[in-house]
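In what follows, a single structure is set out as structure tokens and then discussed.
The values are calculated or read from the model by the stated rules, or taken from the named source; none is laboratory data. This is a predicted model, so every value here is computed, not measured. Here Cβ is always computed from backbone atoms with ideal geometry, including for glycine, and neighbour counts include all displayed protein chains. Keep in mind that these areas ignore ligands, DNA and RNA; they rest on the heavy atoms of the full protein, side chains included. Shrake-Rupley method; radii C 1.70, N 1.55, O 1.52, S 1.80 Å.
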Amino acid sequence: MKNVAVLAGLLLCVAAASAQSPRLAYVDSEKILTDLPEAQQVQKELETTVKGWQEELQRLSDEFQKAVEEYQKKEAVLSASARETQQKALADMRQKAQDYQMKKFGQGGEMQELRERRFSPIREKILKAIETVAKDEGFSFVFDRASDVVLLYADTKFDLTYKVLDELKRGSASAKSK
């Protein structure tokens, strides 16, 4: 079984060597997202939404801090049961703020979900543009310079970023004119 895998690997190497050499290129998806007007608009909308959530979280935090200060002022004169009741109320306020933070900003929270939902169509559009440019330019592989793929060196003549941006902008313009 092991020999079959080695033989298959050798056959692939021979086939690859005899075939036309693949052409490689790269794009910078971060640059595309920062330069693409659609992505800029979505980013602004997300920032506005997140700012509202941050303000609400700050309000909850301030409310909790004020309640703690009030409790500390009165703590000495409160009965044991009143202290316990106040401490429970404070713990509930803190938990409410933490729950809100996790709901909005935590892993799988509304911010992450909203970002994914809003950027998903844009990413699909970018991938289609990359595919179009790669086919038009005759590239076999296109890497993303902004991703976790280690790209230690890249000659700028293989950078398709601006061609992809042009394709996206032309596609947007031709879709609007139709």
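Estimate the FRET efficiency between PHE105 and ARG145 by the formula 1/(1 + (r/R0)^6), using the beta-carbon distance for r and 30 Å for R0, to the nearest 0.05.
0.60
For the range 53-134, what's the relative contact order in percent, using C-alpha pairs closer than 8 Å and at least 6 residues apart?
So the answer I get is 29 percent.
Please report the net charge: other residues with Cβ closer than 12 Å to the Cβ of GLU47, K and R +1, D and E -1.
+3
Can you pull the one-decimal nm distance between simple spin-label points at GLU84 and GLU69, each 7 Å off the Cα toward Cβ?
Going from the GLU84 label point to the GLU69 one covers 2.9 nm.
ASP144's amide H: which non-local residues (gap 5+, or another chain) put their own amide H closer than 5 Å, with H modeled 1.01 Å from N in plane and none for Pro or chain starts?
Amide H neighbours of ASP144, under 5 Å, 5+ apart: VAL27.
Would you rank LYS103, LYS157, LYS169 by solvent-accessible area, highest first, keeping every protein chain in place and using a 1.4 Å probe?
LYS157, LYS103, LYS169
Go through LYS51/LYS163; LYS66/LYS104; LYS104/LYS135; LYS44/LYS66; LYS74/LYS104 and tell me which ones have a Cα-Cα distance over 30 Å in this structure.
LYS51/LYS163; LYS104/LYS135; LYS44/LYS66; LYS74/LYS104
What does the charge count around ALA82 come to, taking other residues whose C-beta lies under 14 Å from its C-beta (Lys +1, Arg +1, Asp -1, Glu -1)?
Taking every other residue near ALA82 into account, the sum is +1.
Considering only protein heavy atoms and a 1.4 Å probe, what is the carbon-and-sulfur percentage of the accessible area of the range 46-177?
Roughly 51 percent of what the probe reaches on the range 46-177 is carbon or sulfur.
Send over a whole-number figure in Å² for the accessible area per residue of the range 33-178, probe 1.4 Å. It would help to have the intermediate numbers written out before the result.
Working: 10440 Å² over 146 residues.
Solvent-accessible surface per residue comes out at 72 Å².
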